[in-house]
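Notes follow the structure.
Coordinate-derived values only; no laboratory data. Keep in mind it's a predicted model, so treat the numbers as computed, not measured. All Cβ positions, glycine included, derive from the backbone under ideal geometry; neighbour counts span all protein chains shown.
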Amino acid sequence: MTEEGNETLSPPSKSGLDRILFLLSIGLGLGAVRTAPGTVGSLWGPLLIFGCQSLNPHPLFMLLCGVVLFVAGIPICKAGIRHYQSKDPKHVVFDEIAACPFVFLFVPLTWGTAIAGFGLLRFFDISNLWPIHRY
């Protein structure tokens, strides 16, 4: 077991559910790449937004998608944290994916907005500006 701050991390579970959650935490494998895993894993975000906006482009639906992904992301990211036994493993990218509905909340997805939104999402994640760096 590894201690990170006051939190003790448990060793990875061998259950099927934990394996599925872990796979989701690394963006179905895209976050497992060695170079820029957050950027590569975040590529699922615009695809997810395309799917959500194809179902219903209304901002309230996008907000609902974001809230559902945020809540689902808690056990998903915890599975990745348990696997890597680290507080913020770089290969766990579901949090970046789950943030995408909030980035595109009031913006329709086009090639231009997808590139701009993806770039801004990565900029703020990498730069870790205040108040983000507190968490």
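Quick notes
- If only the Cβ of Lys and Arg carry +1 and only the Cβ of Asp and Glu carry -1, the dipole of region 14-127 around its Cα centre is close to 340 debye.
- Principal axes of region 59-135: Cα extent on each, largest first, Å: 38, 26, 22
- Answer label, with Cα extents along the principal axes in Å calculated from the coordinates and candidates (1) 58, 32, 20; (2) 84, 24, 21; (3) 45, 33, 26: (3)
- CD proxy at 222 nm, helix term only [per DSSP H run n ≥ 4: -39500 (n - 2.57); per residue of the chain; nearest 500]: -19000 deg cm²/dmol
- Here the relative contact order of the chain, from alpha carbon pairs under 8 Å that lie six or more residues apart, stands at 33 percent.
- For region 23-87: rounded, prolate or oblate by the Cα gyration tensor [a/c cutoff 1.5]: oblate
- Prolate/oblate/rounded label for region 81-121 (Cα gyration tensor, a/c 1.5): prolate
- Among Trp44, Pro89, Val68 the positive-end extreme of the charge dipole of region 14-127 (Cβ point charges): Pro89
- Long-range HN-HN contacts of Val93 with modeled amide H, under 5 Å: Ile26, Gly27
- Overall form of region 61-105 per C-alpha gyration tensor (a/c, 1.5; a/b vs b/c): prolate
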